[in-house]
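Notes follow the structure.
The values are calculated or read from the model by the stated rules, or taken from the named source; none is laboratory data. On a predicted model such as this, the values are computed, not experimentally measured, just so you know. Cβ atoms come from the backbone with ideal geometry, glycine included; neighbour counts cover every protein chain shown. Only protein heavy atoms, including side chains, enter the accessible area calculation; ligands, DNA and RNA are left aside. Shrake-Rupley method; radii C 1.70, N 1.55, O 1.52, S 1.80 Å.
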Amino acid sequence: MEGSSGKSILQFAPFQSSVDEGFWHRLSSLKLNKFGIDDSPIPITGFYAPCSHSQVSNHLTLLAESLPSDSSEESEVPEISRGNRNRCSVPGILYNTNTVERFHGLDKQGLLKAEAQKIWEDIHNGRALEDSSVLSRFLLISFADLKKWSFHYWFAFPALVLDPPATLVNLRPASQCFSLEEAESLSAAFNEWRNSSLTADVPFFLVQIDTNSHAAIKHLKDWETCQSADGHKLLFGFYDPCHLPNNPGWPLRNFLALICSRWDIKSVHFLCYRENRGFADLGLSLVGEALITVPQGWRDHPYVPNAVGWELNKGRKIPRGISLAKSMDPTRLAISAADLNLKLMRWRALPSLNLNSLSSLKCLLLGAGTLGCQVARTLMAWGVRRITLVDNGRVAMSNPLRQSLYTLDDCLNGGELKATAAVNSLKRIFPAVEAKGVVMAIPMPGHPVPSQEEQTVLDDCRSLHDLIDSHDVVFLLTDTRESRWLPSLLCANTNKITITAALGFDSFLVMRHGAGPFSSSHDSKAEAANSLSADMSNLGLTDRDGGKRLGCYFCNDVVAPIDSTSNRTLDQQCTVTRPGLAPIASALAVELLVGILHHPHGIFAEGDVLNSSNSESSEQPLGILPHQIRGSLAQFSQMTLVGHSSDSCTACCSTVVSEYRKKGMEFILQAINHPTYLEDLTGLTELMKSASSFELDWDDGTDEDDDDCVEV
Amino acid sequence: MDALSWDGTLTSRDFLVSARAFAEKWKEFNSAFPPWTWVPCPPKQPPCHLPQLLQQGYLSLEKICLPGSSKKGHVTSQEDVDEISLTEGEEEFEPVDNATLVETNNSLQVCYYDFHIVYSDSYRVPVLYFRGYYIDGQPLALDEIEKDLPACSAKVLLESKWTFITQEEHPYLNRPWYKLHPCGTSEWMKLLFLSDDSRAKIGVAVEQYLVSWLSVVGQVVGIRIPFEMLNNPKSCN
């Protein structure tokens, strides 16, 4: 329009809203802790300031302190302080409904009209002259979906409609409307007004310029006195949030309504005050003249003019929505916190840490007792997210003290199934964990089954087979030796990473099983980075049981697993270990796994021994990768050992595995029902006979006999 | 303070001193920019065990429009917002009003950033907290913020072990904000001061701490420090 003088309709740029995250946070907290289902309207305070950017309008902003304070809320948000030049308070009202249906069903026109009436009354009773911010009174309707952390909302900035509308005589940048002296004086007056805490947040005012080019800013209530002086220019000024060069902002609408209905002025000279970098900017500010025809009926008090002002959403008459799940949903916060924690470890200490391989890893934990609970927790701490726990027991009264996933509640009413209770507990600790519980007994050799139960046992065998097949890693954490036999065999057969932890009273064994007898490292992706030493170990492997393959839990035994719980005293059967032992062993078991995953040869990696200088593993970022760790609390000592696979092993030697491959379940049933079957098969029986005839001393000091361990 | 034996940290009292000095200097040399303001916060627990509690609070610079942070077309991450309200047809309940300007949609989509400098009691260094949001208040996700960061900062973030962004609860606002993790701050602050010969001689000027600190940290988020601020260490007394 550029200073045009054509009599066009004066058009106002609508107010725009901005809602700070803090507002929704406090509203949620108030709704939960204070309001409950009470949905009566809440007085709120909005903030705005003059436009301070040539291309961006200022928005009416809601902050946390826009809402009444919630005494139970912990955060200390400073309460509204008057006199802040960038936060002129504007009174508003909030209708927060309890359901989305009520939100859509609100009588929007009626609510807008009610607020418009308040403005109208404030104009007539003079309150608007004392506190001009009431002219910009606003309305907000909302629905807070606290389960999804999403908010639907709609602002209205009620404007009294002049009918017929005001017409524009002219509108120009303020800099073109004043003499140099006037402009200078005006700028100074504005800066003083804006810098005094008494006036900085008073958004409507009178601008008076006397015949000496001296400018002064006056309160609206001083209108009468401004009238008396002759030859003065009088402009009606307001903080204009709008940046547009050809339109005044929304607050002018109700100001014009006040001017024409209170002071009966037909030709209104207005000034849209805008700033730049904290100072009055007369180039951005506008001065204009509008002609008003006082609408019919405006003099009758009970009459309330029509009002408009619902904010558009991208040009459409629809509400807005915002989702704050990212900053409010505890699950998402927990996930991002956990991820950042692990990334921190990678950034700081272990650049080669492969977090993706950990988070996609599927771990099967056989046993959910002291070891199982602790292993699961440590796995989660490493970023493992997929955990399956197998156990057929129930939580007993004595368990929670040592088994860190359970509490007394799990023991009540006969006790919850451990598999179920452990999964629930893991989810409480970290909601994003994909934990599953399987209630199942693990078939054990030397525990003969009556023929009528055979089918059940076979079903269990197949389930176990499928479980092992569908996981990447298997932890053997059961409380008897013989219960580790079938899983050891199945893992050797499918070449799964297998880790065993077993406890004595004050000693423990943690070990990783070697690869299976028929495995070839050639098809392993771990071999992608091929090296000379890898080729060497391959040579060893192709030579079946040639001594290079690392042993399993049963490789050092000269007896096949039998029923170890019969004929033992109670303290031998139960958890009689030093309480610190299980957490130590569990933690080592998980660290061992992480070592395998980060070793270039994975399951085929050789066993390192502490201080072995020729090992390439000592240069790995995670340090050496032992085969076995044995520790003793009695000596507070720990050592790393290597034991290669035995070709008489009852669980992993090629004879046993190939027999299993040939006969399948039939083989397993025989092993379960006939105590000496495995020993006969593997030649252990022969071995023992010859050994006893030589009266060999089996106890060599370092390689402690596992039979000394009462396992847990 | 002797620069050689100094460990690169600040006491909370020093932080207060440094914060005041910094805000003053910023106003002096960077008057075109909004000022940093000190936001006082009441102590969380009543000061029973500590003798005279220092004033707690943080430095705040808000609603900053970073250069190039305007977005083309507001792609609000509204995947979680119930679509009901957005897909429902427009409502016709208001009379047509020809005094309302119908804006053609060519207005700039701007993103704002808030920066807070908070003292960390455990690391004994200042920590930069920040957040970004669209003009209507919708917060920016970290990946959206990363697109806004200056190109050099992406490099700094990738290469430096000491600068990375984490999300953590703002110590005073109790809402999640992003922050530059402070774990390496004291080390590089010590290096920064030691590498400056003149400063190593005259000792560590507490007043200058935040200026130096922000000259490094600010690079990541695109806050520039006027050269004069760095070049003009006040004589320390």
Restricting to the stretch B:218-229, count the residues that are part of a helix (DSSP H, G or I) and open to solvent by 10 Å² or more (accessible area, probe 1.4 Å). 3
Based on what the data block shows, is A:Leu358 part of a helix (DSSP H, G or I), open to solvent by less than 20 Å² (accessible area, probe 1.4 Å) and more than 25 Å from A:Glu21 (Cβ to Cβ)? yes
Scan the stretch A:290-307 and give yes if some residue there is more than 20 Å from A:Arg137 (Cβ to Cβ), touching a residue at least 12 places away in the same chain (Cβ under 8 Å), within 14 Å of chain B (Cβ to nearest Cβ) and crowded, with 21+ Cβ neighbours inside 10 Å, otherwise no. yes
How many residues, within the stretch B:105-124, are modelled with pLDDT of 65 or more and either part of a loop (DSSP other than H, G, I, E, B) or within 8 Å of another protein chain (Cβ to nearest Cβ) (or both)? 6
Does B:Ser69 qualify as being surrounded by 12 or more Cβ atoms within 10 Å (Cβ to Cβ), at pLDDT below 85 and within 13 Å of another protein chain (Cβ to nearest Cβ)? yes
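Only one of A:Leu252, A:Leu220, A:Leu284, A:Leu244 is more than 14 Å from chain B (Cβ to nearest Cβ) and either in contact with a Cys (Cβ under 8 Å, 6 or more places away or on another chain) or under 19 Å from B:Leu101 (Cβ atoms) (or both). Can you tell me which? Outline the logic, then answer.
Details: A:Leu252 fails: more than 14 Å from chain B (Cβ to nearest Cβ); A:Leu220 fails: either in contact with a Cys (Cβ under 8 Å, 6 or more places away or on another chain) or under 19 Å from B:Leu101 (Cβ atoms) (or both); A:Leu244 fails: more than 14 Å from chain B (Cβ to nearest Cβ).
The conditions single out A:Leu284.
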From the set of residues in the stretch A:6-39 that are more than 10 Å from chain B (Cβ to nearest Cβ) and under 30 Å from A:Asp163 (Cα atoms), which is modelled with the lowest pLDDT? A:Gly6
By residue number, the members of the stretch A:42-59 that are touching a helix residue (DSSP H, G or I) at 6+ places or on another chain (Cβ under 9 Å) and not aromatic (Phe, Trp, Tyr) are A:Ile42, A:Ile44, A:Thr45, A:Gly46, A:Pro50
State whether one or more residues within the stretch A:149-159 are of a type in the set (A, V, I, L, M, F, W, C), in contact with an Asp or Glu (Cβ under 6 Å, 6 or more places away or on another chain), more than 23 Å from A:Gln296 (Cα to Cα) and buried (at least 22 other Cβ atoms within 10 Å of the Cβ). yes
Across the stretch A:105-139, what is the number of residues that are within 23 Å of A:Phe204 (Cα to Cα), in contact with a strand residue (DSSP E or B) (Cβ under 8 Å, 6 or more places away or on another chain) and not in a helix (DSSP H, G or I)? 3
Collect the residues in the stretch A:40-70 that are surrounded by fewer than 16 Cβ atoms within 10 Å (Cβ to Cβ) and either acidic (Asp, Glu) or within 11 Å of another protein chain (Cβ to nearest Cβ) (or both), keeping them in residue-number order. A:Ser54, A:Gln55
Which residues, taken from the stretch A:271-281, are in contact with a helix residue (DSSP H, G or I) (Cβ under 9 Å, 6 or more places away or on another chain), within 14 Å of another protein chain (Cβ to nearest Cβ) and of a type outside the set (D, E, K, R)? A:Cys272, A:Gly278, A:Phe279
Here the residues within the stretch A:362-404 that are open to solvent by less than 60 Å² (accessible area, probe 1.4 Å), in a loop (DSSP other than H, G, I, E, B) and touching a strand residue (DSSP E or B) at 6+ places or on another chain (Cβ under 9 Å) are A:Gly367, A:Ala368, A:Val384, A:Arg385, A:Asp391, A:Gly393, A:Val395
From the list A:Leu271, A:Leu234, A:Leu244, exactly one residue is closer than 27 Å to A:Val90 by Cα, modelled with pLDDT under 95, under 55 Å from the mean Cα position of the chain (by Cα) and of a type in the set (A, V, I, L, M). Which is it? A:Leu244
From the list A:Leu344, A:Leu324, A:Leu358, which one is within 30 Å of A:Gly623 (Cα to Cα), modelled with pLDDT of 80 or more and not aromatic (Phe, Trp, Tyr)? A:Leu358
Within the bounds of the stretch B:150-170, is there any residue that is part of a loop (DSSP other than H, G, I, E, B), modelled with pLDDT of 80 or more and either facing chain A (nearest Cβ under 10 Å) or open to solvent by less than 40 Å² (accessible area, probe 1.4 Å) (or both)? yes
A:Leu333 vs. criteria within 30 Å of B:Pro139 (Cβ to Cβ), of a type outside the set (Ser, Thr, Tyr) and out of contact with any Lys or Arg (no Cβ under 7 Å at 6 or more places or on another chain): yes
Please tell me if A:Ile322 is more than 8 Å from every other protein chain (Cβ to nearest Cβ), within 30 Å of B:Asn174 (Cα to Cα) and open to solvent by less than 60 Å² (accessible area, probe 1.4 Å). no
Confirm whether A:Ile119 is crowded, with 20+ Cβ neighbours inside 10 Å and either within 22 Å of A:Pro68 (Cβ to Cβ) or in contact with a helix residue (DSSP H, G or I) (Cβ under 7 Å, 6 or more places away or on another chain) (or both). yes
